[in-house]
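Chemist: Quick one: structure below, then a few questions.
Computed from the coordinates by the stated procedures, all read-outs in this text should not be read as laboratory data. From a predicted model like this one, the values you see are computed outputs, not experimental measurements. No Cβ is skipped: glycine too gets one built from the backbone with ideal geometry, and neighbour counts run over all protein chains shown.
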Amino acid sequence: MALPMQDQNLQQESRPKRTPEQLTRGNRYAYIVAAVAALGGLLFGYDTGVISGALLYLQPAFNLNSTTSEIAVSAVLVGAIIGAAAGGRLADGLGRKKALILLGIIFAIGAILTAIAPNLGFFIAFRIIVGFGIGAASMITPMYIAELAPPAIRGSLVTFFQLAVTVGIAVAYWVDLAFANAGMGWRPMFAVALIPGAFLAIGMLFLSETPRWLASRGRWDDASAALEHTVHGQEKQQELDDIRKTIEEEKKTSVQELLRPGLRLALLVGVGLAIFQQLVGINTVIYYAPTIFGYAGFSSASTAILATSVVGVVNVLSTILSLFLVDRVGRRPLLTFGIAGMVVTLTAMGIIFAIGPTHAGWFVLICLIVYIISFAIGMGPVFWLMTSELFPTRLRGSGASISSLCNWAANLAVSITFLTLINVAGKPSTFWIYAFLGVLAFIFCWVMVPETKGKTLEQIERYWKQGRRW
Ligand code: BGC
């Protein structure tokens with residue numbers, strides 16, 4: 001399986017220094033690569049977030065009850081699970097570039113088909129297709145960025161992808177709001193994703209295949225030419241040697257190694273973080289926020305969507321803050337502090353719904369804002385970052401794809417049960433259940449998750465093998 005993300009901490013001292021001019025030229029190309037590839041992240045965010053406002057219009061249009069609403073929301077996740085499982089193979093078979101062009105086309109066609117869906121059955125089928133694009137993009141986009149970016153800025157470019165996801169969600173909310181205010185309903189909300197989809201497909205035509213993939217096909221001359229965009233001379237040679245070494249090591253490695261004593265703890269932490277990232281209920285907010293605001297007394301669709309749009313912007317700003325903090329204060333403090341914030345706000349939401357004061361809407365808005373800040377500085381980016389740090393290079397592709405599959409599966413489990421849980425257990429208990437799962441997530445992170453800030457991959461591998469000691 002190919003490598004989705006590169007290490008952030010890998011020390012680069014042994015590399016020859018580049019001239020400022022080479023640095024600027026290489027970095028400029030890398031930023032163009034990131035900008036186009038981050039469209040993949042934007043589409044991921046947009047196509048998941050768009051359902052929140054659209055749902056309020058789909059319910060009357062397709063006569064949805066809570067079960068069919070859950071299915072309409074979750075169809076995309078079924079596709080995403082398939083896409084995440086197939087993404088690695090697609091990127092290995094077609095190459096990263098062609099795979100991303102194909103995904104751009106899938107997003108664009110999926111957007112149009114969803115927008116013209118004549119009934120719920122077609123709507124679900126088309127959302128599964130879009131979901132396939134999202135799941136595959138969540139694997140291939142960071143992989144493409146990581147494999148083409150110069151080593152010195154690889155880390156920040158990969159985390160940039162997570163930021164693109166939150167921007168996509170926020171844009172979806174504002175687009176939902178615009179069409180809600182214009183009285184145009186749900187169809188154009190989905191159609192808009194045609195634009196970034198087409199940009200992705202067209203933009204990728206102008207960018208190169210990754211050296212890593214070309215080398216894996218034995219096309220070393222093409223690999224060397226592709227590297228020339230970002231690194232030169234001796235440094236390029238060193239990159240080519242590194243690629244050769246990793247490809248050889250991967251040939252000798254099997255996924256089973258992740259189950260052996262030592263590394264299986266790394267797998268446990270990756271999978272645990274993946275599942276807990278969803279069990280704290282983040283996507284009940286991302287996908288159902290207008291519905292929750294509706295429960296809290298925001299009576300019109302457009303005010304509920306407006307409140308949601310504020311949550312979307314706070315999500316982006318807090319993610320930016322986290323990107324500054326993660327290498328300064330470290331992963332563990334952000335995770336534990338963030339989860340504690342989520343537990344407090346989820347408990348408070350349960351209490352608000354239990355006593356149901358007038359103006360509950362404003363309390364709920366404040367709670368959701370603090371909740372989203374807590375997620376976006378901690379669990380949100382830290383999970384994705386750590387999936388790229390926990391495993392040794394030769395196992396990183398497999399480890400990261402198992403974690404991201406578990407993340408999509410847990411997302412599906414939460415999203416497809418949320419409204420039913422509200423009906424069966426009631427609103428207060430539903431939020432208290434997520435708060436309780438948050439307490440478990442806190443204990444898991446406190447006990448199991450190591451601080452990887454400033455550590456090299458080798459140190460992290462030794463940590464697992466020496467029985468979790470640095
Ligand atoms: C999660 C998504 C979530 C998003 C919200 C990501 O880290 O994996 O499930 O929708 O954050 O910003």
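Chemist: Highest mean first, what order results for 164-170, 294-300 on Cβ atoms within 10 Å?
Modeler: 164-170, 294-300
Chemist: Under a cut-off of 27 Å between alpha-carbon atoms, report the lysines in cross-link reach of residue 236, not counting same-chain residues fewer than 8 places apart.
Modeler: 17, 97, 98, 245, 251, 252, 455
Chemist: Run the simple label-point estimate for residue 119 and residue 28 please: 7 Å along Cα→C-beta, distance reported in nm.
Modeler: According to this spin-label approximation, the distance is 5.7 nm.
Chemist: While we're looking at this one, here's another question. Contact order normalised by length for the chain, with contacts defined as Cα pairs under 8 Å and 6 or more residues apart; what percent is it?
Modeler: Once divided by the residue count of the chain, the mean separation gives 24 percent.
Chemist: Want the number for residue 247 to residue 194: 0.36 nm per residue separation, take away the alpha-carbon distance, what's left?
Modeler: Separation in residues times 0.36 nm, less the Cα-Cα distance, equals 15.4 nm.
Chemist: With no solvent and one equal point scatterer per Cα, compute the Debye intensity ratio I(q)/I(0) for the stretch 195-344 at 0.12, 0.13, 0.18, 0.21 Å⁻¹ and report its log10, rounded to two decimals.
Modeler: Debye curve over Cα of the stretch 195-344, log10 I(q)/I(0) at q = 0.12, 0.13, 0.18, 0.21 Å⁻¹: -0.96, -1.04, -1.13, -1.18.
Chemist: So how far, in whole Å, is the C-alpha centre of the stretch 264-336 from the one of the stretch 366-410?
Modeler: Their Cα centres are 12 Å away from one another.
Chemist: Provide the gained length on full extension for the span residue 66 to residue 237, in nm with one decimal, where the gain is 0.36 nm per separating residue minus the Cα-Cα distance.
Modeler: 55.7 nm
Chemist: Once fully extended, how much extra length lies between residue 205 and residue 439, figured as 0.36 nm per residue of separation less the alpha-carbon to alpha-carbon distance?
Modeler: 79.5 nm
Chemist: I would also like to ask the following. For an R0 of 45 angstrom, estimate the FRET efficiency from the Cβ-Cβ distance between residue 268 and residue 112 and round to the nearest 0.05.
Modeler: Efficiency computed from Cβ-Cβ geometry: 0.60.
Chemist: Among rounded, prolate and oblate, which fits the stretch 222-295 when a ≥ b ≥ c are the square roots of the eigenvalues of its C-alpha gyration tensor, a/c under 1.5 means rounded, and a/b larger than b/c means prolate?
Modeler: Oblate is the answer for the stretch 222-295, as a/c is 1.5 or above yet b/c matches or exceeds a/b.
Chemist: While we're here: Could you derive backbone 3J(HN,Hα) for the stretch 325-333 from the dihedral phi with the Karplus parameters 6.51, -1.76 and 1.60 (θ = phi - 60°), listing whole Hz in sequence and x where the residue is Gly or Pro?
Modeler: So the J values, rounded to whole Hz, are 7, 4, 8, 9, 8, x, 6, 4, x.
Chemist: Does the stretch 60-126 come out rounded, prolate or oblate, given a ≥ b ≥ c as the square roots of the eigenvalues of its C-alpha gyration tensor, rounded meaning a/c under 1.5 and, failing that, prolate meaning a/b above b/c?
Modeler: oblate
Chemist: Convert each backbone phi in the stretch 339-353 into a coupling constant with the Karplus relation 6.51 cos²θ - 1.76 cosθ + 1.60 (shift: θ = phi - 60°), then list the ³J(HN,Hα) values in order as whole Hz, x for Gly and Pro.
Modeler: So the Karplus estimates, Gly and Pro as x, are 5, 4, x, 5, 4, 4, 6, 5, 4, 4, 4, x, 5, 4, 5 Hz.
Chemist: Per 5 Å bin, what percent of the C-alpha pairs of the stretch 152-251 does each bin hold, from zero upward?
Modeler: Calculated over all Cα pairs of the stretch 152-251, the distribution is 2, 10, 13, 15, 15, 12, 9, 8, 7, 6, 4, 1, 0 percent.
Chemist: How compact and how long is the chain, expressed as Rg and Dmax of its alpha-carbon atoms in Å?
Modeler: Just the Cα atoms of the chain yield Rg and Dmax of 22.0, 69 Å.
Chemist: Another one. Order 310-316, 209-215 from most to least packed using the mean count of other Cβ atoms within 10 Å.
Modeler: 209-215, 310-316
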